[in-house]
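Trainee: One structure follows; several queries about it will come next.
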Amino acid sequence: MRSPRGLAAIAGLALTFAVPAIPAAAAPAPPAATPPEALAARAADQAALNGADRLAKGAGETFVRTGVTPGGGGLYYASYQRTYHGLPVVGGDAVVVADGAGRVRGTEAAPTAPITVGTQAALKAEQATKIATAKVSKVDSVTSPKLVVLAGNAPKLAYEVVVSGYDRARPTHLHVFVDSATGAVLDTRDDVREAGTGNSYYAGTVSIDTSGSGSSYSMTDPARRGIACGREGGSIFTKSSNTWGNGSGTDLETACVDALYSVQTEWKMLGDWLGRNGIDGAGGGFRASVGLNDVNAYWDGSSTHFGHSQDNRRQATPMDVVGHEFGHAIFQTTPGGAGSGNENGGLNESTGDIFGALTEAYANNPVDRPDFTVGEGVNLVGQGPIRYMYNPSQVGDPNCYSSSIPSTEVHAAAGPQNHWFYLLSQGSNASPASPTCNGSTVTGIGIQKAGKIFYNGLLKKTSSWNHKAARKATLEAAVALFPGSCTEFAATKAAWDAVSVAAVSGEPTCSGQPPAGNDYSLTLSPTSASVQPGQTATTTVTTRVTSGNAQTVQLVATGLPAGAKATISPASIQSGGTATLTITTSATTPEGTSQVTVSGDGPDADHSAQFTLTVGNGGPPPTGCEGLAEWDTAKAYVPNDVVGHNGHKWTSLWYSTGAEPGAPGSWAVWSDSGAC
């Protein structure tokens with residue numbers, strides 16, 4: 001099988017909407033054009049439903065869309081949560097890239113071994129809670145245990161318990177995954193991301209957006225949802241006038257001036273430079289709290305917290321630190337979430353530093369001039385900046401990627417990507433100069449272009465994010481954002497080479513022209529069937545030319561259950577043609593559900609799609625409700641449709657295909673009417 005040299009373009013399914021009758025006298029309104037984002041989402045959903053390319057899924061697995069984020073170059077990035085018999089699969093997420101014309105341009109998925117676990121826990125939930133809380137020295141709160149599947153090389157059914165509090169005097173919001181059979185702690189993931197550093201005190205007299213009028217004002221942003229600032233553990237600051245702070249480094253109201261000014265500037269930068277709608281990408285943001293009794297600042301998964309310098313003379317609220325902490329929020333709310341592990345954590349820390357630098361550059365404040373150092377203003381522990389992006393080794397962090405990065409402390413592991421970003425934006429011979437790991441000279445392209453490439457690469461993040469994945473994603477972003485030029489692509493590549501992140505399989509090349517090549521899409525209709533042993537199922541394999549010329553495509557089906565036989569007629573077609581797949585089961589074919597993969601092998605590109613075959617009653621776990629039709633992953637549902645699934649009755653609230661009742665995010669589509 002050859003590697004793809006083109007990009008898949010999968011046409012989405014058309015949705016049928018019920019429209020009220022128009023009186024005879026009324027002139028019919030012209031049909032509204034489908035927005036580009038909706039076309040992209042529809043195409044992405046169809047790719048997820050088909051199990052296209054990297055979105056292969058096993059029996060009982062479904063992808064549920066959790067968001068669509070617009071990027072540059074007319075592309076949209078749809079993020080998906082994998083589920084297994086209705087349970088969230090942690091580490092099984094995926095991203096589909098589609099354009100505004102409804103064509104899929106790429107897929108990414110966090111790797112996992114096939115999932116074949118049971119869905120009933122042997123360990124009691126209260127035992128899981130006890131095990132999880134033992135991981136934190138001072139517990140403030142704990143969530144009810146939730147059953148999930150923990151993906152990876154050996155997927156496990158686990159309880160996820162979130163424990164908040166302090167561990168060895170450090171704040172924590174710890175996700176603990178407890179094996180549902182043995183009680184072993186399989187993994188932990190902490191939402192708290194510390195800056196490690198120490199009105200405006202830092203930026204001079206500034207304008208900030210607050211709420212109120214007359215003699216009642218609040219440090220709540222009137223237009224940016226969620227943005228507000230108050231005292232640690234207390235309420236949002238209010239007063240009778242709209243003049244805030246006294247410019248002192250010890251005054252907390254002044255600290256909130258710095259925090260609001262910085263996050264409001266970051267919000268503007270995200271919209272004007274990167275096209276992102278707010279901190280969370282959906283028009284929302286998060287609260288900031290000042291007065292933390294610690295030489296620290298951190299993001300806890302839902303809000304930011306800022307302490308003070310070691311000498312207690314300055315609050316930890318300069319623009320680069322505030323931008324860094326809200327940068328963690330951006331990392332968490334882009335596809336793939338916060339992830340886990342030191343390499344992923346280092347990229348998360350670096351993301352905070354990069355957004356801090358971008359915010360400073362956008363503000364271009366004459367009092368706090370933009371630079372590529374982190375925390376120099378607060379001088380947290382009396383030793384100057386805590387990180388130097390142009391030369392991380394200046395404080396002992398690695399300049400270059402190596403095999404030791406996955407075991408390096410996360411703040412130090414930020415070094416290679418920080419170094420890459422400085423080289424990409426400023427170059428190696430800028431001021432200050434930046435040494436390269438391979439002795440090369442890199443020419444920068446400017447911080448705004450570098451920010452666009454970095455951010456659009458981040459939109460292809462999965463929970464298994466690492467430096468090689470970041471290299472590939474940013475190179476793809478450079479091609480998509482600047483299709484008529486190779487300058488930006490070459491600089492992106494040279495900067496990665498200069499920090500010792502080597503080339504990876506499947507990364508793009510640049511010709512200076514928009515992507516062309518010969519490519520096609522491959523879809524199935526229907527995408528699933530249920531038969532009894534000895535019966536047959538059929539589906540139509542449809543290919544369409546999406547770029548260039550037609551090519552000969554060899555078709556093959558794999559993943560059949562025992563005793564079943566597949567016939568594809570014809571087995572070789574020209575892209576643009578169709579074929580029929582017939583699966584014949586035997587009397588001895590065991591009952592159960594299988595994912596049959598239909599692969600197309602062409603001289604210029606390879607693609608695949610999946611067909612769900614259920615033999616007999618499908619086997620455990622039981623899912624139906626007596627007298628109700630069982631939810632069908634391939635059926636298009638409309639409002640007020642009623643189905644049974646996982647022992648519950650569900651009522652449709654909206655139009656959907658493939659959105660599983662009870663899965664994360666399904667509340668927008670399905671209403672749970674209770675057990676049946």
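Trainee: Of all residues in the stretch 471-524, count the ones that are open to solvent by less than 10 Å² (accessible area, probe 1.4 Å) and of a type in the set (Phe, Trp, Tyr).
Mentor: Number satisfying all stated conditions: 2.
Trainee: Looking only at the stretch 279-291, how many residues end up being at pLDDT below 95 and open to solvent by less than 10 Å² (accessible area, probe 1.4 Å)?
Mentor: Quick first cut of the stretch 279-291, residues at pLDDT below 95 only: 280-284.
So of that shortlist, the ones also open to solvent by less than 10 Å² (accessible area, probe 1.4 Å) come out as 284.
Residues in the stretch 279-291 being at pLDDT below 95 and open to solvent by less than 10 Å² (accessible area, probe 1.4 Å): 1 in total.
Trainee: I need every pair where a residue in the stretch 57-68 that is more than 10 Å from residue 114 (Cβ to Cβ) and open to solvent by less than 30 Å² (accessible area, probe 1.4 Å) has its Cβ under 6 Å from the Cβ of a residue that is assigned to a loop (DSSP other than H, G, I, E, B) and at pLDDT 85 or above, sequence separation at least 6 or different chains.
Mentor: Short answer, once both residue conditions are applied: 60/85.
Trainee: Limited to the stretch 69-83, what total is found for residues that are modelled with pLDDT under 90 and either open to solvent by less than 40 Å² (accessible area, probe 1.4 Å) or among the charged types (D, E, K, R) (or both)?
Mentor: Here is the first cut: in the stretch 69-83, the ones modelled with pLDDT under 90 are 72-74.
Among the residues that remain, those that are also either open to solvent by less than 40 Å² (accessible area, probe 1.4 Å) or among the charged types (D, E, K, R) (or both) are: 72.
Going through the stretch 69-83 one residue at a time, the tally reaches 1.
Trainee: Out of all the residues in the stretch 84-108, which are part of a strand (DSSP E or B) and either of a type in the set (Asp, Glu) or open to solvent by 20 Å² or more (accessible area, probe 1.4 Å) (or both)? Spell out how you get there, then give the answer.
Mentor: Initially, the stretch 84-108 is screened for residues part of a strand (DSSP E or B), giving 84, 87-90, 94-99, 104-108.
Passing the criteria: 87, 88, 90, 99, 105, 108.
Trainee: Do you know which residues across the stretch 437-465 are buried (at least 20 other Cβ atoms within 10 Å of the Cβ) and polar (S, T, N, Q)?
Mentor: 456, 462, 463, 464 - these are the residues of the stretch 437-465 that are buried (at least 20 other Cβ atoms within 10 Å of the Cβ) and polar (S, T, N, Q).
Trainee: If you scan the stretch 216-258, which residues turn out to be open to solvent by 50 Å² or more (accessible area, probe 1.4 Å) and of a type in the set (A, V, I, L, M, F, W, C)?
Mentor: Hit for the stretch 216-258 is 223, nothing else.
Trainee: Which pairs do you get when a residue that is in a strand (DSSP E or B), found in the stretch 563-574, comes within reach of a residue that is open to solvent by 50 Å² or more (accessible area, probe 1.4 Å) and among the small types (Gly, Ala, Ser), reach meaning Cβ atoms under 9 angstrom, with the pair 6+ apart or on two chains?
Mentor: From the stretch 563-574, the pairs are 574/550.
Trainee: Given the conditions (1) on the phi > 0 side of the Ramachandran plot; (2) open to solvent by less than 20 Å² (accessible area, probe 1.4 Å); (3) of a type outside the set (A, V, I, L, M, F, W, C), and given that residue 320 satisfies all but one, which numbered condition is not satisfied?
Mentor: Only one criterion in (1) on the phi > 0 side of the Ramachandran plot; (2) open to solvent by less than 20 Å² (accessible area, probe 1.4 Å); (3) of a type outside the set (A, V, I, L, M, F, W, C) is unmet by residue 320, namely (1).
Trainee: For the stretch 206-215, how many residues are surrounded by 16 or more Cβ atoms within 10 Å (Cβ to Cβ) and not hydroxyl-bearing (Ser, Thr, Tyr)? Let's see the steps before the verdict.
Mentor: Taking the stretch 206-215 first, the residues surrounded by 16 or more Cβ atoms within 10 Å (Cβ to Cβ) are 206, 208, 210-212.
When the remaining residues are screened for being not hydroxyl-bearing (Ser, Thr, Tyr), the result is 206, 208, 212.
Number of matching residues: 3.
Trainee: Checking the conditions here, which among 161, 192 is open to solvent by less than 20 Å² (accessible area, probe 1.4 Å), at pLDDT 90 or above, more than 25 Å from residue 593 (Cα to Cα) and among the hydrophobic types (A, V, I, L, M, F, W, C)?
Mentor: So the residue among 161, 192 that is open to solvent by less than 20 Å² (accessible area, probe 1.4 Å), at pLDDT 90 or above, more than 25 Å from residue 593 (Cα to Cα) and among the hydrophobic types (A, V, I, L, M, F, W, C) is 161.
Let's see how each residue does on (1) in contact with a helix residue (DSSP H, G or I) (Cβ under 8 Å, 6 or more places away or on another chain); (2) part of a loop (DSSP other than H, G, I, E, B); (3) closer than 19 Å to residue 326 by Cα:
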{"residue": "166", "(1), (2), (3)": "no, no, no"}
{"residue": "171", "(1), (2), (3)": "no, no, yes"}
{"residue": "182", "(1), (2), (3)": "no, yes, no"}
{"residue": "206", "(1), (2), (3)": "yes, yes, no"}
{"residue": "217", "(1), (2), (3)": "no, no, no"}
{"residue": "222", "(1), (2), (3)": "no, yes, yes"}
{"residue": "245", "(1), (2), (3)": "yes, yes, no"}
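Trainee: Could you please let me know if residue 116 is touching a Gly at 6+ places or on another chain (Cβ under 8 Å), in a strand (DSSP E or B) and among the hydroxyl-bearing types (Ser, Thr, Tyr)?
Mentor: Values: touching a Gly at 6+ places or on another chain (Cβ under 8 Å): yes; in a strand (DSSP E or B): no; among the hydroxyl-bearing types (Ser, Thr, Tyr): yes.
No, not satisfied.
Trainee: Let me ask something else. Do you know which residues across the stretch 525-545 are crowded, with 18+ Cβ neighbours inside 10 Å and not in a strand (DSSP E or B)?
Mentor: Across the stretch 525-545, the qualifying residue is only 527.
Trainee: Oh, and also: Could you count how many residues in the stretch 344-389 are surrounded by fewer than 19 Cβ atoms within 10 Å (Cβ to Cβ), closer than 22 Å to residue 428 by Cβ and not charged (D, E, K, R)?
Mentor: 1
Trainee: Scanning the stretch 332-348 for residues that are assigned to a helix (DSSP H, G or I) and touching an Asp or Glu at 6+ places or on another chain (Cβ under 9 Å), which turns out farthest from residue 82 (Cα to Cα)?
Mentor: Within the stretch 332-348, the first condition is being assigned to a helix (DSSP H, G or I), and the residues that meet it are 332-333, 342-348.
Adding the requirement that they be touching an Asp or Glu at 6+ places or on another chain (Cβ under 9 Å) leaves 332-333, 342, 345-346.
Working: 332: 17, 333: 17, 342: 24, 345: 22, 346: 25 Å.
The qualifying residue farthest from residue 82 (Cα to Cα) is 346.
The values are calculated or read from the model by the stated rules, or taken from the named source; none is laboratory data. Keep in mind that what you see is a predicted model, and the values were worked out from it rather than measured. Because the Cβ atoms are built from the backbone with ideal geometry, glycine has one as well, and the counts that use them run over all protein chains shown. In case anyone asks, the SASA skips ligands and DNA or RNA and just uses the protein heavy atoms, side chains included. Shrake-Rupley method; radii C 1.70, N 1.55, O 1.52, S 1.80 Å.
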